[in-house]
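S.K.: Quick one: the structure is below, questions incoming.
What follows draws every value from the coordinates through simple rules; no lab data is involved. Bear in mind that the values here come from a model prediction, so they are computed numbers and not experimental data. As a convention, Cβ positions derive from the backbone with ideal geometry for all residues, glycine included, and neighbour counts pool all protein chains shown.
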Amino acid sequence: MNPAPNLVLVGPMGAGKTSIGKKLAERLGLAFVDCDHALEMRTGATVPTIFELEGEPGFRAREAALIADVMQGRDQVVATGGGAVLDPANRQALAGRGFVVYLQVSVAQQLERLARDRSRPLLASGDKREKLEALAAQRGPVYAALADLCFHADGLAVATAAERLQAQLASQWQRPEAA
Ligand SMILES: Nc1ncnc2c1ncn2[C@@H]1O[C@H](COP(=O)(O)OP(=O)(O)OP(=O)(O)O)[C@@H](O)[C@H]1O
Ligand SMILES: O=C(O)C1=C[C@@H](O)[C@@H](O)[C@H](O)C1
Ligand SMILES: [Mg+2]
């Protein structure tokens, strides 16, 4: 049993961190924080606009500041952005106060889900399959090393994935009582 005060979802773009996370938070009666969305609310700019104005380094700095703040809280399901785990300080913040679930998904499934997506700057140009494969090779081991639990989300509807994940969590994650 890991007594972390938050549940954290990590994994690649299109794994369902946002979609499954929202459903799971409802089922668990916890607050839901989507880091990309929270960053957009905080800055008043969309993720693509932040990338356009400040580049990926600017986005990553804002993402790190947000994660540091969010992880001070408790009783939250936190859906991270796909690249949040690249920063060691983020990894420390997420694992320090979170039970970390890696939502695993195949590149084929990502491609299906993100075929028409325009909100992810890292997929905006070039061949999507090649990019997703390169990101998977780089990030897959990082997600796996950070995770308390790996959950295969391939082929599952959002509601089914949330239900099954909740069932697995019941025997592995117990939130501490509030002080
Ligand atoms: N289990 C699922 N079944 C069907 N469609 C899904 C599923 N999970 C996500 N999707 C769809 O795939 C798209 C991407 O999902 P989502 O935004 O939840 O991914 P994410 O992991 O949060 O990605 P990112 O890292 O970019 O934030 C959305 O259009 C969503 O509706
Ligand atoms: O995988 C990534 O690096 C990203 C995923 C999204 O959630 C956003 O955080 C942004 O588009 C970058
Ligand atoms: Mg998301």
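S.K.: Share of antiparallel DSSP beta bridges in the chain, in percent to the nearest 5?
M.R.: For the chain, the DSSP antiparallel bridge percentage is about 0.
S.K.: If you don't mind, another one. Calculated from DSSP H runs of 4 or more alone, at -39500 (n - 2.57) each and per residue, what is the 222 nm mean residue ellipticity of the chain, nearest 500?
M.R.: That comes out to -17000 deg cm²/dmol.
S.K.: Would you mind ranking V8, V77, V107, V47 so that the residue whose beta carbon has the fewest other beta carbons within 10 Å leads the list?
M.R.: V107, V47, V77, V8
S.K.: If you don't mind, another one. If packing is taken as the average number of other Cβ atoms within 10 Å across a peptide's residues, how do 86-92, 20-26 rank, most packed first?
M.R.: 20-26, 86-92
S.K.: Okay, moving on. Check the straight Cα-Cα distances from K131 and name the lysines below 20 Å, setting aside those fewer than 8 residues away within the same chain.
M.R.: Leaving aside lysines fewer than 8 places away in the same chain, those within reach of K131 are K17.
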